[in-house]
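To keep things clear, I will list the structure first and then write my remarks on it.
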Amino acid sequence: MEGNAPVQLARRSVSPKPGTEVPLLAFAPRVGLQLGHRCLHLFLSGGLRLRAEPAVDGRTRLRVLGFHLLADHPQLGKVTITRTEPDSAPTSLVDNGSAELPGVSALFLHCAVDIERSPGSGRPLRLRTATPLQLLGRARTFPPVSEPFRSHRMVELLQFGESAPVGSLDPFRVNLGGC
């Protein structure tokens, strides 16, 4: 083939063997970020890394090892959302189910939000989620190809060491895709 031919990702529903690590792409095209009284919209892209683990019921479960989303905003500069838990955190499991019965997937992620230039002061701002970011979806294939996941509730953002919210992430959709 010549030129820039489109690449087709094979859809399969075979679960990976335990111990297999899988990188995935993530795209969140319109994420509302509230900072004070300002509502800004971000186009985030990044990825996550999963590791297959055996489950008691015989179905494979996938543990989230890493998660990051990045945006470049004209006012804020670089905005980065990353997972803050250690790889051994038990709260981020994805059940990919089977071809006939897709598993309900739930990612629970404590995250840090780093902003290069905060509105007003222009100084860097490092925030954390008050509660875990919850991304829910159904993976019908593995690896997921354009599988939508959604956060179904607003997540408050706090400065590290503080308890009063300074902002929030509005509910948003993120699409996961195979690499």
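The values are calculated or read from the model by the stated rules, or taken from the named source; none is laboratory data. For clarity, every value in this text was computed on a predicted model and none was experimentally measured. Please note: Cβ atoms are built from the backbone with ideal geometry, for glycine as well, and neighbour counts cover all protein chains shown. Heads up: the accessible areas ignore ligands, DNA and RNA and are worked out on the full protein's heavy atoms, side chains in. Shrake-Rupley method; radii C 1.70, N 1.55, O 1.52, S 1.80 Å.
Okay, here's what the table says:
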item: Residue, farthest from Gly46 (Cα to Cα), within the stretch 106-120, restricted to residues that are touching a Leu at 6+ places or on another chain (Cβ under 7 Å) and either open to solvent by 70 Å² or more (accessible area, probe 1.4 Å) or not hydrophobic (A, V, I, L, M, F, W, C) (or both); result: Pro119
item: Those residues of the stretch 17-60 which are modelled with pLDDT under 80 and crowded, with 17+ Cβ neighbours inside 10 Å, in sequence order; result: Ala52, Thr60
